[in-house]
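Here's the structure we're looking at; comments come further down.
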Amino acid sequence: MKKLLFFAVLAVCGLMFVSCGKDTPGKVQEKALKCIQQKDWDGYLALVKFKDQEDPAKAEKVKNGFRQILESKMTDQLEKKEGIKDIKILEETIDGEQAKVKYSVEYGNGEVVEKDQDMVLVDGKWMIDAGK
């Protein structure tokens, strides 16, 4: 009986460990914001799902254009707001393969901004839905 209880507890602990490692929409959004904080534009773009990514040449062109806009606008914004001081995931709502993440960003100048981000499940991984 003790062995059965031991294995049951071990199985439950194993399931908890495996489930904790899975990325949620909120965790992916937090990673994306940390990429912006560190000006890791390629890291950020790796978390974005663009529409029509089936054509590799077109997808690369869209991604490069988005990267240039992202880098330019976010670099300016981060400088004006004195960088990102804190990131908080406030809420995540999952509906099948779609999700919405509500988050807040506190900038170095003290400004706090709350926003929502649409997410999409792609091949078992949550990604930012660029919708483009």
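Applying the selection to region 107-120, what residues are in a strand (DSSP E or B) and open to solvent by 50 Å² or more (accessible area, probe 1.4 Å)? Lay out the reasoning, then the answer.
If we filter region 107-120 for residues that are in a strand (DSSP E or B), which is where we start, we get 107, 112-120.
Within region 107-120, Val112, Glu114, Lys115, Asp116, Asp118 qualify.
Cβ-Cβ distance below 9 Å, separation of 6 or more or different chains: which pairs start in region 44-73 with a residue that is among the aromatic types (Phe, Trp, Tyr) and end on one that is exposed (fewer than 11 other Cβ atoms within 10 Å of the Cβ)?
Phe50/Gly131
Go through the residues of region 72-84 one by one and say whether even a single one is open to solvent by 80 Å² or more (accessible area, probe 1.4 Å) and on the phi > 0 side of the Ramachandran plot.
Within region 72-84, one or more residues are open to solvent by 80 Å² or more (accessible area, probe 1.4 Å) and on the phi > 0 side of the Ramachandran plot.
Of the residues that sit in region 47-66 and are basic (Lys, Arg) and within 27 Å of Lys27 (Cβ to Cβ), which one is most open to solvent (accessible area, probe 1.4 Å)?
Of everything passing the filter in region 47-66, Lys51 is most open to solvent (accessible area, probe 1.4 Å).
Taking the conditions exactly as written (in a loop (DSSP other than H, G, I, E, B) and either open to solvent by 90 Å² or more (accessible area, probe 1.4 Å) or touching a helix residue (DSSP H, G or I) at 6+ places or on another chain (Cβ under 6 Å) (or both)), does Glu91 satisfy them or not?
So Glu91 fails the test.
For residues that are without any contact (Cβ under 8 Å) to a residue 40 or more places away in the chain and of a type in the set (Asp, Glu), scanning just region 92-132, find the one that is nearest to Gln38 (Cα to Cα).
Result: Glu106.
Across region 54-88, what is the total count of residues that are under 20 Å from the mean Cα position of the chain (by Cα) and assigned to a loop (DSSP other than H, G, I, E, B)?
The number of residues fulfilling the criteria is 1.
Please verify whether region 106-122 includes one or more residues that are at pLDDT below 95 and over 14 Å from the mean Cα position of the chain (by Cα).
No: zero hits.
The values are calculated or read from the model by the stated rules, or taken from the named source; none is laboratory data. Values in this document were obtained by computation on a predicted structure and should not be read as measured data. Neighbour counts are summed over all protein chains in view; Cβ atoms, including those assigned to glycine, are modelled from backbone coordinates with ideal geometry. Just the protein is used for accessible areas: all its heavy atoms, side chains included, with ligands, DNA and RNA removed. Shrake-Rupley method; radii C 1.70, N 1.55, O 1.52, S 1.80 Å.
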